[in-house]
Amino acid sequence: QNPCSRSPCAEGSTCRPNFSADNSFRCICPQGFTGTTCDIGIRRYSSKSSFSFCSIPSVITTISSTAAASKGYDPENPAISCEDVLLNRPESRSGAYYLNTEQGGVAHTYCHMDVIPGCGGGGWTLVMKIDGNEDTFSYHSNYWSNKNLFSEISGATGFDHEETKMPSYWSNNFTQICLGMRVGDLTEWLTIDRQASSLHSLIADNNHKPTSLGRDKWKSLIDESSLQLKCNKEGFNVKSPTTRNHSALTRIGIISNNEEDCNSCNSRIGIGSGGTRGGMDGNNSCGNEAGPFKSDNGAKHIKAHCYILIK
C-alpha cells in the first residue's frame, strides 16, 4: 500500500514514498515550513532580534529570509533532491545544490533543471558519471554494492568526462531513471520508469531486475550501435544464467546472443559492463560491444561517457 494514500503530510506539501518495507515516506515542505510532516513553521530572526512566526522549534538561528526559503542553496538548509529544489524555487538553474544524504549528511550535487531530450522535464539528480575507458565502474567493481563515494568534487559538475559516484546512489528514492551515453559530441538519452528506494537497492544484491524497453531503445543510446538478434535480456544486473565463458554482462543495459538462449552472449549495450566472449573488449565499462557473430551492424567496440540521473 502506498503510504502517501492517506495524505500524511500537511496541506500544501508533497508526499514521496520511500518504497521501503516499513512503508515510510518523506514530506517535501513548501516555503516557510519544516518538520516530518511539514507542520512546523520557521522563525526568521532579523538583525534587531525581532521575529515573525514561521522555524525549527527550540533552535534560534540567525538566517536571512532568502536562505530560509531556498532549500539546497545553503549547506545548513539542504534539499531532499533536485526536484525538491525546483519545487521550492522554480527559477533554479542547472548547477550544484546541497542535498540531504543518508544519516544526516549533505552533498554538493549537480542538478539538471532543464529538459533532457528523451528524459523530460527538469529536477534531475546526478548519481554517477562513468568513463567507458576506465574500469572504475566495471561490472565487478565494488562500487556497485557499497556505499562509498567516488570523487565527490566531480559530482558537482555537469555532463563532462570526470567520473563520480554520489551519495544519491544510496540515499535517494525515485520513480524515474535518466540514462545518457556520449560518444564524441553526441549524447543520447533514455528514461526508465522504475520506483525504488535507491539505485543501490536495485543493484547491490546482484539479482536481475528486468525492464521492457526493447533492443531498439537501448540501441538508440549510441549511433551505429550493434547487437545480436536473440536473447535480448535487459534491465539491472543483466548476465547469462551461467556466467560462463566470459559472456556479456552489464549493471544497467541489455545483452544479446546469436543463439536462442542467453548462455553465451557476445554483445551488449550498457553501463557498468564486462565480458570478453566472442571478441568483446572486457575493458569497456560503458558503451557498446558486439562480436562478429551475426551482430546486426557488425563488430563494434564503442566506449562512451555515461550519465545516470534520477528523480
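List, in order, the whole-Hz ³J(HN,Hα) value for each residue of region 116-128 obtained from phi through the Karplus relation with A = 6.51, B = -1.76, C = 1.60 and θ = phi - 60°; use x for Gly and Pro.
9, x, x, 10, x, x, x, x, 7, 9, 5, 10, 8
Please order 277, 251 by the number of other Cβ within 10 Å, starting at the fewest. Don't jump to the answer; show the numbers that get you there.
Details: 277 21, 251 30.
The fewest-first ordering by Cβ neighbours comes to 277, 251.
Applying the Karplus parametrisation 6.51 cos²θ - 1.76 cosθ + 1.60 with θ = phi - 60° to the phi angles of region 133-142, what ³J(HN,Hα) value in whole Hz is obtained for each residue in order, glycine and proline being reported as x?
Calculated HN-Hα couplings, in order: 7, 9, 9, 3, 10, 5, 3, 8, 5, 5 Hz.
Can you give me the convex hull volume of the Cα atoms of region 153-234, divided per residue and expressed in Å³? Present the calculation step by step, with values, prior to reporting the outcome.
Details: hull volume 9.6 nm³, N = 82.
That works out to 117 Å³ per residue.
For region 224-307, what value does the Rg/Rh ratio take when both radii are computed over Cα atoms and Rh is the Kirkwood radius, given to two decimals? Could you put the intermediate results ahead of the total?
Details: Rg = 10.7 Å, Rh = 11.7 Å.
My calculation of the ratio gives 0.91.
Taking 0.36 nm per residue of sequence separation and subtracting the Cα-Cα distance, how much length would be gained by fully extending the chain between residue 224 and residue 91, in nm to one decimal? Working shown, then result.
Working: separation 133, 0.36 × 133 = 47.88 nm, distance 3.78 nm.
Once the chain is fully extended between residue 224 and residue 91, it gains 44.1 nm.
Taking 22 Å as R0, compute the FRET efficiency from the Cβ-Cβ separation of residue 242 and residue 207 and round it to 0.05. Present the calculation step by step, with values, prior to reporting the outcome.
Working: r = 16 Å, r/R0 = 0.70.
That pair, residue 242 with residue 207, gives E of 0.90.
In a Debye calculation with equal point scatterers on the alpha-carbon sites of region 63-186 and no solvent, what is log10 I(q)/I(0) at q = 0.14 Å⁻¹?
Reported log10 I(q)/I(0), two decimals: -0.61.
No value in this document is a laboratory result; all are computed from the given coordinates. Predicted model, so just to flag it, every value in this text is computed and none were measured. No Cβ is skipped: glycine too gets one built from the backbone with ideal geometry, and neighbour counts run over all protein chains shown.
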